[in-house]
Amino acid sequence: MALLDSTRNFGICAHIDAGKTTVSERILYYTGKIHKMGEVHEGTATMDFLEEEQQRGITIQSAATTCPWVRFEKDFTLNLIDTPGHVDFTIEVERSMRVLDGAVVVFDGKEGVEAQSETVWRQAERYEVPRLCFINKMDKMGADFFFSYGSVLERLGAPAIPVQLPIGASNTFQGIIDLVGMKAYYFSPEELGSKVEEKPIPEDMMDLVKEWRHKLEEKAAEFDEKLTEKFLMEEPLTAEEIRSAIRRGTIDRKIHPVFCGSALKYIGVQRLIDGVIDYLPAPHEVPDVDGTDPTIRPNT
């Protein structure tokens, strides 16, 4: 059971060009699986190993790998599947969803929900896969976190809640705010994002942060009666209480935590990996798959 507790089987899926494979590449680098980052546009991404994938700069076939991570001084094993984003290879996503315990759905910070985003979301719904949302490309010109988040609510009809907010956007994007731990994180581009600096939340963002922290506490209280009492009594919830409640809601597919960052600019991926540990289920926390043994014939 201890081994299962420390395992996460998850996939990464998205509309084409949302940055999904770049997110996967950063995960492999920060977990120590690889020691040099490849880039999709250079045809050197680790997970895109087919010659056609390297030439075209797209994922054609799902690829799986395993990597380690440490969270709260505990060792975890991540079994990751990177899936195609192109509509022509939807069947690859479909067959991957059947074996996943959880998924990270990546969205473009400017475009929000796109056509294939809706398709992979429906596939995840069909197989009852718990999901996190990652709003990527927050450095892109025209990126708008709240527009993209709103499109998740409206176009997907998904019960989602931010657990992070971006610091800036487009060319001013520089870090993220953790609404659970109430801290700001900055990632050093000179060290490929490996150096993460924790700082106080910027004063000019404090009102916005308090507003969304309150919404997060309200949502967490929906999944725990004791927290509901605390919330109604206007008592603050602890970070651990929020994590535990949101985790329960995520596994039950009643809520989808929303993260943000820019994989290309090395911002936010480590905190996303923490989110995979914190909110996606271990193998023993998902329902068993019903099946039929074809060798057993019903009594006639």
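One line per residue, one yes/no per condition, for (1) without any contact (Cβ under 8 Å) to a residue 60 or more places away in the chain; (2) under 16 Å from Cys133 (Cα atoms); (3) of a type in the set (Phe, Trp, Tyr):
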site: Glu240; (1), (2), (3): yes, no, no
site: Ile251; (1), (2), (3): no, yes, no
site: His256; (1), (2), (3): no, yes, no
site: Phe259; (1), (2), (3): no, yes, yes
site: Gln270; (1), (2), (3): no, yes, no
site: Ile273; (1), (2), (3): no, yes, no
site: Gly291; (1), (2), (3): yes, no, no
Item to check | Residue list for segment 169-200, restricted to those being small (Gly, Ala, Ser) and either closer than 22 Å to Lys140 by Cβ or not in a loop (DSSP other than H, G, I, E, B) (or both) | outcome: Ala169, Ser170, Gly175, Ala184, Ser188, Gly193
Checklist outcome for this item: Considering residues that are loosely packed, with under 15 Cβ neighbours inside 10 Å and not in a helix (DSSP H, G or I), the number found within segment 224-241 is 5
Next on the checklist: So for segment 277-286 (the condition being of a type outside the set (Lys, Arg) and within 19 Å of Val152 (Cβ to Cβ)), does at least one residue qualify?
Outcome noted: yes
Next on the checklist: Which pairs turn up if I take residues in segment 16-29 that are under 16 Å from Glu92 (Cβ atoms) and look for partners that are in a helix (DSSP H, G or I) with beta carbon separation below 6 Å, at least 6 apart in sequence or on another chain?
Outcome noted: Thr21/Val40
Checklist entry - Among the numbered criteria (1) touching a Lys or Arg at 6+ places or on another chain (Cβ under 7 Å); (2) crowded, with 20+ Cβ neighbours inside 10 Å; (3) under 25 Å from Ala169 (Cβ atoms), which single criterion is violated by Leu132? => result (1)
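What number of residues within segment 45-63 satisfy the criterion of being surrounded by fewer than 18 Cβ atoms within 10 Å (Cβ to Cβ) and either at pLDDT 60 or above or under 17 Å from Lys33 (Cβ atoms) (or both)?
Matching residues across segment 45-63 total 1.
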Next on the checklist: Given the condition touching a Leu at 6+ places or on another chain (Cβ under 7 Å) and at pLDDT 95 or above, answer yes or no: does some residue in segment 164-174 qualify?
Outcome noted: yes
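Please enumerate the residues belonging to segment 1-22 that are assigned to a helix (DSSP H, G or I) and within 21 Å of Ala282 (Cα to Cα).
Within segment 1-22, Ala2, Leu3, Leu4, Asp5 meet the criteria.
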Checklist entry - Counting only residues that are in a loop (DSSP other than H, G, I, E, B) and hydroxyl-bearing (Ser, Thr, Tyr), which one in segment 242-300 is nearest to Phe146 (Cα to Cα)? => result Tyr266
Item to check | All positions within segment 64-107 that are closer than 17 Å to Asp17 by Cα and modelled with pLDDT under 80 | outcome: Pro84, Gly85, His86, Val87, Asp88, Phe89, Thr90, Glu92, Val93
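The values are calculated or read from the model by the stated rules, or taken from the named source; none is laboratory data. The shown structure was predicted, so the numbers you read here are calculated from the model rather than taken from an experiment. Quick reminder, even Gly has a Cβ in these numbers, built from the backbone with ideal geometry, and neighbours come from all protein chains shown.
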